[in-house]
Amino acid sequence: MSNQFLTLKNKLPDLGIGFGLRREIADETFEAKDKIDFLEFAPENYMEVGGNAKALLERAAEAFPLISHGLCLSIGSTDDLNNDYLKALKKTLDQANCAWASDHLCFASFNGVYVQDLLPLPFSKEAIEHVVKRIKTVQDYIERPFLLENISYYTSLPGAEMNEWQFISEILEKADCGLLLDVNNVYVNSVNHGFDPERFVDQIPLERVVQIHIAGHKKSKKTIIDTHGAPVVQAVYDLLEYTIGRVDVKGVMLERDQNFPNFDEIIVELEKIRNICDSNPGSKMDLKKCGTSKKAKSDVQAVSI
Amino acid sequence: MSKPSLSEIEKSFCTIVVDGKARQQFFSGKKSKSKSEAHALDNEAIELYSELIGYGHHDAIDSIYPGCAKLIGEKWDEVVDDYLQKYPPNHWRLNMIASRFPQYVTKHGGTWLEQFPFLAELADYEWLELELMEKDIQIVCTDACTLDSAEAFAKYGPVVNQTLVIRQYAYPIPKIVDHLEADELFVYQADEDKTKVAIYRHPETHFCKFLELSHLAYQVIAQAQMHKSSFKDLLEKAVMPNSGSDAQDAVVKFLELTEKLQDLGLFVGTRKI
Ligand SMILES: [Fe+2]
């Protein structure tokens, strides 16, 4: 088992508190530049796209360090990795000078059909072997650290041979890659599938967490749905607080993809996240430096749901 | 019984979340390998995935084809579902989900085409807006030189906006779109002229523009797109053959036209030929 990733992680820039690049609220985002340290973008919206999208990404790259968070790599799919996708992704990562790139531990396509959603994988040994091989290929190809995000899932798939944290941990260790820990997804899954979210955090290899996502969700009758369309709830802030003191994290990012409120509300959420990170004595994130840095100063060559 | 492989699990999961009929059959036990496989999945959760996926797909397609959606009205969702069954999303970019709708209408439009014979052209027109907005092309603009001498006229030609597409429609699509936008009933008159349209991305705003073209403008642009032509070539090949007897008037009209095309961003400069 290789630990090369951990050496790479040490060289990654501390990005601070970030937000998602969304066309609908781009102007407000740029105006709040002094409250946001970095931006995350969905590469699929910019890969092989010109015009306004391209101009927006260029404008964002001028003003903020950028990182990429993909939706359609489909790391768990039994389809071949899409070379066209990888090629376009690499080009976009280079153009945006991303310090790292991430995508989800899921499958998003089958038999060439892209469902445009994040479908869960069975927690099986076969899935682990399959995903590990592909992560190595991706990480080599994109020439920068790759992070996997834990997803929200609403049903377990047949064929499980272990629980979620065992599944995630084994993949991270065997593939020697990083984790983008989404604390909202941990919370959503803990409620929907009945486990203790803090225990989940305790069981995963925290040293591999490079970035944290935090977001809002929606409660339906039986299920909590990860919508990124509502304010963050206190229980998720609490989980962030629990986690932040235990990890050496390079960036914490607020996700908001729909049902956009007045931007002042976003600012309040960002400040709350900053306070949690700042006031937590265990937090190893160098926030002051992040607040003033304009670009990722990474010597390692340098993302939403 | 051997346990299902990752590929089999992905295949059945993917099928039941995107296909309502397959979902019903699966949970009634007809298509599952065993009752236990169906029991391992939560029916309500599968419905939720299906709703979330369907919502995303429909939302993207609705936003790209507002005219077609308005025209077809309450049956629109059924049409979109049928389209997605026949042309499942095969690209990573969400908007590309709508790229083959014009093809679908032409091939499978059936009774809709009988009712609205211009539907395929309307779909083409609406898709072009998105396609050109997103096209991965940098519009390269050059300086526009002044055509103040016969020499300059022969030596220089226009640079055509690299995103510009011209279409000759059998139906008055821009007029139909105006009616649909204003919620007015459009009554098609069979004697209406064909419409010539230019669709392009503006080099500065990056937004798409639609222009109805005169016959002259259409010919000039078509010629300029086909061959690297000087203004003199354009005049001789695209203007003079259609100009009647007054050559002087034709030249004046041509000069006015090229200026307009430049101002509107269809031409984006001049170059030496
Ligand atoms: Fe996330």
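What follows is calculated from the coordinates using simple rules that are stated; it is not laboratory data. Note that this is a predicted model, so its numbers are computed, not measured. All Cβ positions, glycine included, derive from the backbone under ideal geometry; neighbour counts span all protein chains shown.
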Where both residues lie in chain A, what percent of DSSP beta bridges are antiparallel, nearest 5? 15 percent
Which ³J(HN,Hα) values, rounded to whole Hz and listed in residue order, are derived for segment A:89-98 from phi using the Karplus coefficients 6.51, -1.76 and 1.60 in 6.51 cos²θ - 1.76 cosθ + 1.60 with θ = phi - 60°, glycine and proline given as x? 5, 4, 4, 5, 4, 5, 4, 8, 6, 6
How tilted is helix B:6-18 with respect to the longest principal axis of chain B? Cα atoms for both, answer in degrees (0 to 90, nearest 10). 70 degrees
Which three lengths, in whole Å and largest first, does segment B:150-272 cover when its Cα atoms are put on their principal axes? 53, 38, 21
Please find, in a Gaussian network model of chain B (springs between Cα atoms separated by less than 10 Å), the residue of B:Lys11, B:Lys194, B:Lys260 whose mean-square fluctuation is greatest. B:Lys11
In the protein assembly as shown, if the dipole is taken from +1 on Lys/Arg beta carbons and -1 on Asp/Glu beta carbons about the Cα centre, which of A:Leu118, A:Ile135, B:Trp112 is farthest to the positive end? A:Ile135
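Beyond 36 Å, what percent of the Cα pairs of chain B remain?
Roughly 36 percent, once rounded to a whole number.
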Here segment B:107-121 yields Karplus 3J(HN,Hα) values (6.51, -1.76, 1.60; θ = phi - 60°; whole Hz; Gly and Pro given as x) of 8, 10, x, x, 5, 5, 5, 5, 6, 10, x, 8, 4, 5, 5
From the backbone phi of segment B:197-210, what are the Karplus-calculated ³J(HN,Hα) couplings (6.51 cos²θ - 1.76 cosθ + 1.60, θ = phi - 60°) in whole Hz, Gly and Pro given as x? 10, 10, 10, 7, 8, 6, x, 9, 7, 6, 8, 7, 10, 10
How would you rank B:Met226, A:Met47, B:Met96, B:Met240, going from fewest to most other Cβ atoms within 10 Å of each one's own Cβ? B:Met226, B:Met240, B:Met96, A:Met47
With a point put 7 Å past each Cα toward its Cβ, work out how far B:Lys175 is from A:Val113 in nm, to one decimal. 4.2 nm
Relative to the longest principal axis of the C-alpha atoms of chain B, give the angle of the C-alpha long axis of helix B:247-264, reported between 0 and 90° and rounded to the nearest 10°. 40 degrees
How big is the Rg/Rh ratio for chain A, C-alpha atoms only, Rh by Kirkwood, two decimals? 0.93
Considering only DSSP beta bridges where both residues belong to segment A:58-211, give the percentage that are antiparallel (nearest 5). 20 percent
Out of all DSSP beta bridges in the protein assembly as shown, what portion is antiparallel? Express it as a percent rounded to 5. 40 percent
How large are Rg and Dmax for the protein assembly as shown when only the alpha carbon atoms are used, in Å? 27.4, 89
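I'm a student and want to see the number: the projected area of the Cα convex hull of segment A:159-244, averaged over all directions, in nm².
So the Cα hull casts an average projection of 6.1 nm².
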Along the Cα-to-Cβ line of B:Lys272, 7 Å from the Cα, sits a label point; which residues in segment B:131-174 have backbone N less than 16 Å from it? B:142-146, B:151-159
Quick check: pseudo-label points 7 Å beyond the Cα along Cα→Cβ at A:Val268 and B:Glu47, how many nm apart are they? 3.6 nm
With the contact rule set at Cα under 8 Å and sequence spacing of 6 or more, what percent relative contact order holds for chain B? 17 percent
Please work out the Cα center distance from segment A:98-149 to segment A:166-220, rounded to the nearest Å. 16 Å
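Give the value in nm², to one decimal: projected area of the alpha carbon convex hull of segment B:42-133, averaged over all directions.
Hull-based average projected area comes out at 6.3 nm².
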